[in-house]
Amino acid sequence: MTVTAESTFRLTGSKTRGASHILVGQSITPRPDAGKLDKGTPREAWALQPGLYTPRQLVEGLAPLLDTVVFRLGQDPPKTTPAREQLLDNIASNLDINTREATLRFPDIEIDDSRKEMAEQAKRIGQTLVQYARDHSDGQFDPDLYLRSPCEGHLLTPPNVDLMFGRRSQSHLMQLYNEYMHQMVLLRDALLPFQNYEEVIIPVDGRTARGIRHLERPRSEFLTNILTKQVAQSAIVKHAQALLAPGLLSSSQTSYGYGFQYSHGLVLPAFLAGGPTPFHLLQYIPAKVVEDTPEGVIFDYRVQEYYLAPRIEIPTGVEVTTASKSACPEANGWGTPAVNVEDAAIRVVPPAPDSSPIVRELELQLQLANGQSISVDLGQVARGHRYLYQASPSSDLTSSVNGDDSPTSTIIHDPASVLLQAGPRDGLITAQQGGLHIIPVQDPLVALALLGKIYPENVVLLPQSEGLAQAKKAGKGLEPKFVLWGVERGGFRGKF
């Protein structure tokens, strides 16, 4: 890997941002070698050589298992589906989420955003991996390859039962194909945390386990979490670390944080990349923000238990009596000065003398056109983004489960005054007297900063073109309620 001199990575976001990108550390240039630089002897007849791999390279590294099977099955009879195509159709069925042969199924995905996101991710990754396999058909393989593969319970489609146990087959071919199926399933599940899963750089130590079988235990723990309860962010980050930075898991840390750095890049919440944002997914970034920790570093929350954070009273705003109007604040004459962001960056907070050497805090820093600077804990931004609500669509306004729709007061606030309100460094904005608090925002980066500043219990995103009545019916039926008016719909948690 080569670090490019004097180069800062620019995390490009939505075109609606005032600043076109967020600066994130120093760019690096990963060089996945697919094990070609390692000249050691493989641990067995088939193995992945130690090295750096992309997901496509891993699929290509698994191909000899399949290719040997296809070769040994012999020439395809006339007017039949080719064996290779038939076997890859089986893998597609294994990596689907709705087939009889599916290795991963999601209950009640329509009513649970966290599982629904994972289900969509699993299906998307599975289709990509199968396409990689279909595209790679001329690699080298050992026609005499033999290995013992324990049965993993992955099902064959009926045509493949006939193929693998019929006259064309040989006794050891099912062992090879079973191993191929299992490795593909392990890879699909290992990539679930990553929105840009095709770009992830994966270190493989091919001498500690066959292929990526070292991921079996992390996979089992992760799937237990996502299939038995709502997906926890800590489980997503832990699973990503198991793939990319297992050394961090072996540390004595009690928190997995919300992101991490390893030898070949950063992993941060994917909403920072902008556009329609995911719920839990992470983003691989070819950059580094900490130079003195070659083993890796965890990015942790400034406040572990946010409900214990000091509370800061929201600054005085303008109370209005026309909150029932459907137009945006500007149309009602509630406009506030725009917060013009010139630069945005993610910076490392200098560690305290007694802090862990593998833990750091990150801040989202906004430089404003008026010379002022705003810094918020990136972990709290991530937490606020997960906990927020999107306003109800207008079609849902006929029914409400949130109780009384009439707030005790409706107050408009200047976003800059909220972000610059004095108080403890780890304090979070609230309103002791309750009420509905409207904060008009034009720049999604300002909205993200606000999510890191407001107590994340009852925060609602409302598009600029939609009415306040929709925000009243979103979130919790209690006060205070904070409405960020101007962030568009998109993804699971708005468009930033």
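Which one of the conditions (1) touching a strand residue (DSSP E or B) at 6+ places or on another chain (Cβ under 9 Å); (2) hydrophobic (A, V, I, L, M, F, W, C); (3) modelled with pLDDT under 95 does Leu397 fail to meet, given that it meets all the rest?
(1)
Looking at the stretch 123-145, which of the residues that are surrounded by 14 or more Cβ atoms within 10 Å (Cβ to Cβ) and assigned to a loop (DSSP other than H, G, I, E, B) is farthest from the chain's Cα centre (by Cα)?
Leu145
Looking at (1) under 25 Å from Ile125 (Cα atoms); (2) in a loop (DSSP other than H, G, I, E, B); (3) not polar (S, T, N, Q), can you tell me which one Ala240 breaks?
For Ala240, the exception is condition (2).
Step by step: first the residues of the stretch 159-168, then only those that are farther than 11 Å from Val70 by Cβ and touching a residue at least 12 places away in the same chain (Cβ under 8 Å), then the one that is surrounded by the fewest Cβ atoms within 10 Å (Cβ to Cβ). Which residue is that?
Pro159
Of the numbered conditions (1) more than 25 Å from Thr54 (Cβ to Cβ); (2) in contact with a Ser or Thr (Cβ under 9 Å, 6 or more places away or on another chain); (3) not in a loop (DSSP other than H, G, I, E, B), Gln261 satisfies every one except a single condition; which is it?
Here Gln261 clears every test but (1).
Please go through the stretch 99-116 and pick out each residue that is at pLDDT below 95 and of a type outside the set (A, V, I, L, M).
Within the stretch 99-116, Arg105, Phe106, Pro107, Asp108, Glu110, Asp112, Asp113, Ser114, Arg115, Lys116 meet the criteria.
Please specify each residue of the stretch 146-172 satisfying the condition of being closer than 27 Å to Pro78 by Cα, in a loop (DSSP other than H, G, I, E, B) and of a type outside the set (A, V, I, L, M).
Within the stretch 146-172, Thr157, Gly166, Arg167, Arg168, Ser169, Gln170, Ser171, His172 qualify.
Somewhere in the stretch 446-468, is a residue touching a helix residue (DSSP H, G or I) at 6+ places or on another chain (Cβ under 8 Å), at positive phi, in contact (Cβ under 8 Å) with a residue 40 or more places away in the chain and crowded, with 20+ Cβ neighbours inside 10 Å?
There is no residue in the stretch 446-468 that is touching a helix residue (DSSP H, G or I) at 6+ places or on another chain (Cβ under 8 Å), at positive phi, in contact (Cβ under 8 Å) with a residue 40 or more places away in the chain and crowded, with 20+ Cβ neighbours inside 10 Å.
Every residue, every condition in (1) at pLDDT below 95; (2) assigned to a loop (DSSP other than H, G, I, E, B); (3) more than 16 Å from Pro480 (Cβ to Cβ), yes or no:
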residue	(1), (2), (3)
Ile429	no, no, no
Ile439	no, no, no
Leu448	no, no, yes
Val460	no, no, no
Ser465	yes, yes, yes
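Inspect all residues belonging to the stretch 243-251 and state whether any of them is closer than 26 Å to Arg105 by Cβ, surrounded by 21 or more Cβ atoms within 10 Å (Cβ to Cβ) and either at pLDDT below 95 or of a type in the set (Val, Ile, Thr) (or both).
no
Condition check: outside any helix (DSSP H, G or I), touching a residue at least 12 places away in the same chain (Cβ under 8 Å) and not small (Gly, Ala, Ser). Does Phe279 satisfy that?
Considered against the rule, which asks whether it is outside any helix (DSSP H, G or I), touching a residue at least 12 places away in the same chain (Cβ under 8 Å) and not small (Gly, Ala, Ser), Phe279 comes out as yes.
Checking Ala209 against (1) touching a residue at least 12 places away in the same chain (Cβ under 8 Å); (2) not in a helix (DSSP H, G or I), only one condition comes out false. Which one?
(1)
Tell me which residues, restricted to the stretch 263-276, are surrounded by fewer than 24 Cβ atoms within 10 Å (Cβ to Cβ) and not small (Gly, Ala, Ser).
His264, Pro276
Hey, among the residues in the stretch 284-316 that are among the acidic types (Asp, Glu) and part of a loop (DSSP other than H, G, I, E, B), which one's nearest to Thr410 (Cα to Cα)?
Of everything passing the filter in the stretch 284-316, Glu305 is nearest to Thr410 (Cα to Cα).
Please tell me if Asp108 is more than 23 Å from Pro55 (Cα to Cα) and outside any loop (DSSP other than H, G, I, E, B).
In short, no.
Quick check on my filter: what residues within the stretch 465-496 are within 28 Å of Thr12 (Cα to Cα) and basic (Lys, Arg)?
Arg489, Arg493, Lys495
Please find, among Arg100, Arg56, the residue that is of a type in the set (D, E, K, R) and over 20 Å from Leu191 (Cβ atoms).
Exactly one of Arg100, Arg56 is of a type in the set (D, E, K, R) and over 20 Å from Leu191 (Cβ atoms), namely Arg100.
Count, please, the residues in the stretch 172-202 that happen to be closer than 15 Å to Leu88 by Cα and β-branched (Val, Ile, Thr).
Here the count works out to 1.
Could you pull out the residue among Tyr146, Tyr132 that is touching a residue at least 60 places away in the same chain (Cβ under 8 Å) and within 30 Å of Glu110 (Cα to Cα)?
Residue meeting the stated conditions: Tyr132.
Using the structure shown, decide if Ala92 is part of a helix (DSSP H, G or I) and either within 28 Å of the chain's Cα centre (by Cα) or free of Cβ contacts under 8 Å to residues at least 12 places away in the same chain (or both).
The answer is yes for Ala92.
State whether one or more residues within the stretch 39-53 are surrounded by 18 or more Cβ atoms within 10 Å (Cβ to Cβ), of a type in the set (Ser, Thr, Tyr) and closer than 30 Å to Gln261 by Cα.
Yes: one or more hits.
Only one residue in Arg72, Arg100, Arg115 is farther than 18 Å from Ser220 by Cα, in a helix (DSSP H, G or I), touching a residue at least 40 places away in the same chain (Cβ under 8 Å) and not aliphatic (A, V, I, L, M), so which one is that?
Arg72
The values are calculated or read from the model by the stated rules, or taken from the named source; none is laboratory data. Keep in mind it's a predicted model, so treat the numbers as computed, not measured. Note: ideal-geometry Cβ built from the backbone for every residue, glycine included; neighbour counts use all protein chains shown.
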